[in-house]
Amino acid sequence: MRILYHHRTRGEDAQGVHITALCRAFEGLGHEVRLMGPPLPAGGGRSDSGRRDNATLLGLPLPHWLYEMLALGYNVPAFFALAVAILRWRPDFVYERYALFGVAGRLAAGLFRVPFILEVNAPLSQEMKDHGGLVLQGLARRVEDRLCAGATRTVVVSAAMRDLFVRRGLPEERFLVVPNGVDRERFHTGVVGDGVRRELGLEDRFVVGFVGWIRPWHGVHDLLEAFARVVAHRPDATLLLVGDGPAVPALRERAGELGLADRVVFTGAVARDAVPDHVAAMDVAVQPDVTPYASPIKLFEYLATGRPVVAPDRPNIAEVVKDGRQALLFRPGDVEGLAGQLTRLALDPGLRNALSLRAARAVEEQGFHWEANARRVLAVVDGRAPEAT
C-alpha cells in the first residue's frame, strides 16, 4: 500500500517517537510511506513545549488566541499540499495524527474519496480547556467530534479515551483502540545497563528510575517523596531521573530539603539512542502518574526491557498491566501507597524477578509493539476485523 501520513508535530519527545516508529513499522511490513508535516528532529529528550497546551511557535510562547488562529490557518496550505500529494501519488489511504483544529487531512481525503484514518492521542479540546486556557472551546470540540465521527476509523490509544468520546455521543464502532508500543530492536531484555551504572557511580546501588520530559503533572514530585521513605529500608537506594524539564529545579531543591541530594541523580536530557541503556540500569522503573486517557510510551519501554514496574491504578494503565502480574499498582496521588509498592520490590528480589519475566512476555503476547499496531491499522483499511488489543 501507499500511505500518506500527515502530522503537525514538532516535538522530540513521545510525539516524534510515535510518528517515526509507526512509519517504520508500515515500511517494515512492505508498504510505502510518504510523511507530510514539519520536519521531525533526529532524536533527543526535549519536548516541543514546556507547557501542556503547546501554545508555542518555534519554542516561543504565544497568546492562546493567536495560537488557535494559526492552527486554523495552517489548514489552508496543508489542504492544498495534501490535495496535490493525493493527485500525484495516489495513496491507498491518508493517516493523520490529530492536532487542534486540524481538518486539512479529512477534507483532502474526502474530496478524492480516499480512506482517512485519524489517530487521536489526546482529546485536545478538553485537555487544552482544562490546562491551557482554550479560547474557541465550542468550535474546538465540534471540530474534534466531527473529525472522529467522520473518519474511516479513529484510532485511540486507550479504551478510556474511546469511552470519553462515546460519552460525548460518538458511536463506539467508529473507534479502534490501539495502545502505544515499543521498538523491540532497541528495547529488549538483552539491553545491559552496566555502562550507565559505572558512568553514574551506581554499581552497588538499588536504583529506582524514571524516564521522560519532567513536567509538574507527571507526578515525579510524588516519586521523590515516596523515595525518601524507601531509603529507610534500603540505605543503598538511588533515584535516577532521566530527562529534563520545567519541574527539575523544584525537584533539586526538594531533594536537598529531604537530605537526598547525594541519592538523586539528574541526568538531564539524553539522546534517544541512550534511553534503553538508562532504563536497563534501573532495578525498578516508575510511571508516577498519567492523564486518565493516555498511553505512555515509557511504560512499554519499561516492560520490554524487563523492568519491574510501579504505576498508578488508572483504567488506562490497568488495560495494559495487571496488579501483581506485570506491575505493582498504587492509588493515584497516594505517596504512601507508592512508597509501599517500591519498598515491597526493594525487599523482595523474587517478586522483582517474577514481574520482570511477565513484563517482557506481555509485550510479545499482547502485541505492545509498533509492528502489531501497524497491522491493526492495515486490517481496518483492508476491511478485516482488527486484532484484539
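The values are calculated or read from the model by the stated rules, or taken from the named source; none is laboratory data. Computed from a predicted structure; not experimentally measured. Here the Cβ is made from the backbone with ideal geometry for all residues, glycine too, and neighbour counts use every protein chain on show. Each accessible area value is taken on the protein alone, full model and side chains, heavy atoms only, with ligands, DNA and RNA left out. Shrake-Rupley method; radii C 1.70, N 1.55, O 1.52, S 1.80 Å.
Calculated mean residue ellipticity at 222 nm for the chain: -13000 deg cm²/dmol, from DSSP H runs with n ≥ 4 weighted as -39500 (n - 2.57), summed, divided by the residue count and rounded to 500. Under the classification rounded if a/c is under 1.5, otherwise prolate if a/b is larger than b/c and oblate if not, where does segment 229-274 fall, given a ≥ b ≥ c as square roots of the Cα gyration tensor eigenvalues? Note, shape of segment 229-274 comes out oblate.
Note on W217: accessible area approximately 90 square angstrom, rounded to 10, probe 1.4 Å, nucleic acids and ligands left out. Between the helical axis of 220-230 and the dominant principal axis of the chain, each derived from Cα atoms, what acute angle in degrees is found, rounded to the nearest 10? Rounded to the nearest ten degrees, it is 20.
Scanning residues 5 or more positions from L176 or on other chains, those with amide H under 5 Å from its amide H are T154, V155, V156, with H placed 1.01 Å from N in the peptide plane.
Charge dipole (Cα centre; +1 on Lys/Arg Cβ, -1 on Asp/Glu Cβ; no other charges) of segment 195-317 amounts to roughly 120 debye.
Atom-type composition of the exposed protein surface of the chain places 51 percent of the accessible area on carbon and sulfur (1.4 angstrom probe). Each of E371, E199, E127 has its accessible area taken with a 1.4 Å probe; listed largest first, they run E199, E371, E127. Summarising the amide proton neighbourhood of V207: residues at separation of 5 or more, or on other chains, whose placed amide H is nearer than 5 Å comprise T238, D283, V284. A cut-off of 5 Å between modelled amide H atoms, ignoring neighbours fewer than 5 places along the same chain, links V264 with L239. Relative contact order, whole percent, for segment 250-389 stands at 18, derived from Cα pairs under 8 Å and 6 or more residues apart. Let me know the shape class of segment 83-221, please: from the alpha-carbon gyration tensor, a ≥ b ≥ c as square roots of the eigenvalues, rounded when a/c is under 1.5, otherwise prolate if a/b is greater than b/c, or oblate. The shape class here is prolate. The alpha carbon centroids of segment 100-155 and segment 270-284 are separated by 35 Å.
Over the chain, accessible surface divided per residue gives 41 Å², non-protein components excluded, 1.4 Å probe. Tilt of helix 64-89 relative to the longest C-alpha principal axis of the chain, in degrees (0 to 90, nearest 10)? Helix 64-89 sits at roughly 60 degrees to that axis. From Cα pairs below 8 angstrom and at least 6 apart in sequence, can you work out the relative contact order of the chain, rounded to a whole percent? Computed over the chain, the figure is 16 percent. With all protein chains in place and ligands, DNA and RNA left out, the 1.4 Å accessible area ranks Y74, Y293 as Y74, Y293, largest first.
Using a cutoff of 8 angstrom between alpha carbon atoms and counting only pairs six or more residues apart, the relative contact order for segment 313-389 works out to 21 percent.
Phi angles of segment 187-196 translate, via the Karplus equation with coefficients 6.51, -1.76, 1.60 and θ = phi - 60°, into HN-Hα couplings of 10, 7, 6, x, 5, 10, x, 4, x, 5 Hz per residue; Gly and Pro are given as x.
Counting only protein heavy atoms and using a 1.4 Å probe, the accessible area of R97 comes to about 30 Å². Rounded to the nearest 10 degrees, the inclination of helix 248-257 to the longest alpha-carbon principal axis of the chain is 20 degrees.
For segment 94-109, putting each phi into the Karplus relation 6.51 cos²θ - 1.76 cosθ + 1.60 with θ = phi - 60° gives couplings of 9, 10, 10, 7, 4, 9, 3, 6, x, 10, 4, x, 5, 5, 5, 5 Hz, in residue order, rounded to whole numbers and with x for Gly and Pro.
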